[in-house]
């Protein structure tokens, strides 16, 4: 029997002729069921190819599929995301969107949002997907909401993330953890902890990831008490066995200065992974116990946790602080044996270690052999040469960096300004200053203080003052102030230095230890003994600072300039900190000027205890004996120098000609044009000698 069926569609009736169930409906249902089975089988095959990494074969199969449902599209899009081809993933989603046979669901939309969070972070596409989610009511899905929160978090749009979170009808652990993570990574740890406290009111929501990020917030705020409270909740929920949570707890305690609690937790951990060991190595380095950091690395090598690139970066930093080149070279070999030689962080740390230990040639070879370099690589090699006083090489690497298109950082410019000041190459320093202005780094506190130092050391105290005035208009900091005080003191403008220091105290700037060194040096240069003791006592009584050896060195110099050698010697003997050769050398030179043989001998002996081959001590002591007519004692000292192979270090000077720094030592012939230079000197001497003789004859006749 034929039945006429009227079906309403969009306000219109459509006519269908249908047969009886027995003749027509059964074959139709069978064909639909078979098509569904075929589609399911093809989707499974597609998924298998994607999971095995055979993306090209998967794409060929996808393109030939007779029917693609939303599952097919989601699978192939996920494959491109896994291959980090985010652009192609978004192109596929756009193609699916215009296909009238497929409707996007929450799963495929959340996957597309993950593609927007890729390396290039396609924010505009993500915002379009946000609008699509609102229009299709898919925003109610926690998967879509979490992906959107992650997108805004990665692009630094924290306010947008918070607004979206507040509008969500339903929140789960993932959405809470995403918003807390975004706030903590944006430096808003306090707000992150507020969200965590609100989340904790809902039973069962916080998981190990949430606790880990909350502990990171406590570490950032140095809120150890809050961290202890979270530690209690971790134990109550049974998450203390999780190695991720335990690592976060350890980091929280050590960064809050509770090393003892951190070590106790470390000892109690049943499982220790590479993060655990690396965190302990970093913690020891942070508190200045680099030898313990290296020893911890050796213990780690005997454990089951293999070191990674971050571990080696931390250990190389410890070796650099200790100036242990041999250890660093052994670690270098270890890096290559483990196949970690191509990691950027490891190479940068190795370069820093070699530079710090004075092996600039090794640092240079390492740098030139790197496959890729970042701004840290460039800054490290430039800083290494600059800090070692090799201005020419430092500027050569800087020029190379500019040619590569890498934008310089404040550290690189500050290093070049430092070497410009130390080498007194004013023109080069001015060029760096111009570049800092060009790229907008002149307001950086590090650049400001480096500019003041550079101009002061190059003899241009007026330009140094101008730079300082510019920093004062912004937010003058204690570093720039200290640089200006030191500059005034070096130029004999002690009154200006002390006036500036007093002015800073009146406006509420708190001086640091370096500030007091500059102030005491200013007092020393001007011979203001009473004022020097006033500031020396002020730093202890009012600011609760313990004087370091540098402060004592300034006071000893002040006493020596005032010819109060006995008090200077007494102060050195009573120094609570370790005595180095600097303070004793200051006293020794003062003894030379005052011809105080006995005290000079004692000072020289103390210097030789610290540095047995000190040419300064031996030469100065011989000069003291000679000035008093004690030729026998002087001869003994000089004989001792000869037997020890001690040679007096020659004086040297440098000059900048045609953008090239040339250094000259007394009696040296290392300069490539030394023969020409000596020929001109001989010519000048031969020309000047008769005139000098004539002047002396005139003077004698006049007498």
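Tabulated data for the structure shown
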read-out: Matching helices (runs of 4 or more DSSP H) fully within segment 242-314 where at least 3 residues are in contact (Cβ under 8 Å) with a residue 24 or more places away in the chain and buried (at least 18 other Cβ atoms within 10 Å of the Cβ); value: 243-255, 274-286, 290-301
read-out: Scan of segment 522-569 for residues that are crowded, with 21+ Cβ neighbours inside 10 Å and within 21 Å of residue 592 (Cβ to Cβ), ordered by number; value: 524, 552, 553, 554, 555, 556, 557, 558, 559, 560, 568, 569
read-out: Number of positions in segment 391-423 that are farther than 20 Å from residue 448 by Cβ and either modelled with pLDDT under 85 or out of contact with any helix residue (DSSP H, G or I) (no Cβ under 7 Å at 6 or more places or on another chain) (or both); value: 10
read-out: Candidate set: segment 135-161, residues that are surrounded by fewer than 17 Cβ atoms within 10 Å (Cβ to Cβ) and without any contact (Cβ under 8 Å) to a residue 12 or more places away in the chain; chosen: the one nearest to residue 110 (Cα to Cα); value: 137
read-out: Any chance residue 513 is surrounded by 19 or more Cβ atoms within 10 Å (Cβ to Cβ) and outside the structural domain of residue 443 (by TED's automatic domain parsing); value: no
read-out: Conditions (1) touching a helix residue (DSSP H, G or I) at 6+ places or on another chain (Cβ under 6 Å); (2) in a helix (DSSP H, G or I); (3) without any contact (Cβ under 8 Å) to a residue 12 or more places away in the chain: number failed by residue 341; value: (2)
read-out: Residue in segment 548-575 that is farthest from residue 622 (Cα to Cα), counting only those that are free of Cβ contacts under 8 Å to residues at least 12 places away in the same chain and within 40 Å of the chain's Cα centre (by Cα); value: 574
read-out: Hits in segment 593-607 (condition: touching a helix residue (DSSP H, G or I) at 6+ places or on another chain (Cβ under 6 Å) and surrounded by fewer than 18 Cβ atoms within 10 Å (Cβ to Cβ)); value: 595, 597
read-out: In segment 419-475, the residues that are more than 27 Å from the chain's Cα centre (by Cα), surrounded by fewer than 15 Cβ atoms within 10 Å (Cβ to Cβ) and over 16 Å from residue 487 (Cβ atoms); value: 427, 473
read-out: Qualifying residue in segment 493-509 (condition: loosely packed, with under 15 Cβ neighbours inside 10 Å, assigned to a loop (DSSP other than H, G, I, E, B), in contact with a helix residue (DSSP H, G or I) (Cβ under 7 Å, 6 or more places away or on another chain) and modelled with pLDDT under 90); value: no
read-out: Near pairs, Cβ below 7 angstrom, 6+ apart or cross-chain, from segment 430-441 (closer than 13 Å to residue 411 by Cα) to any residue that is outside any helix (DSSP H, G or I); value: 436/442
read-out: Filter result for residue 209 (part of a helix (DSSP H, G or I), closer than 26 Å to residue 81 by Cα and over 32 Å from the mean Cα position of the chain (by Cα)); value: no
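The values are calculated or read from the model by the stated rules, or taken from the named source; none is laboratory data. This structure is a prediction, so every number in the text was calculated from the model and none was measured. Reconstructed Cβ throughout: ideal geometry from the backbone, glycine too, with neighbour counts over all protein chains shown.
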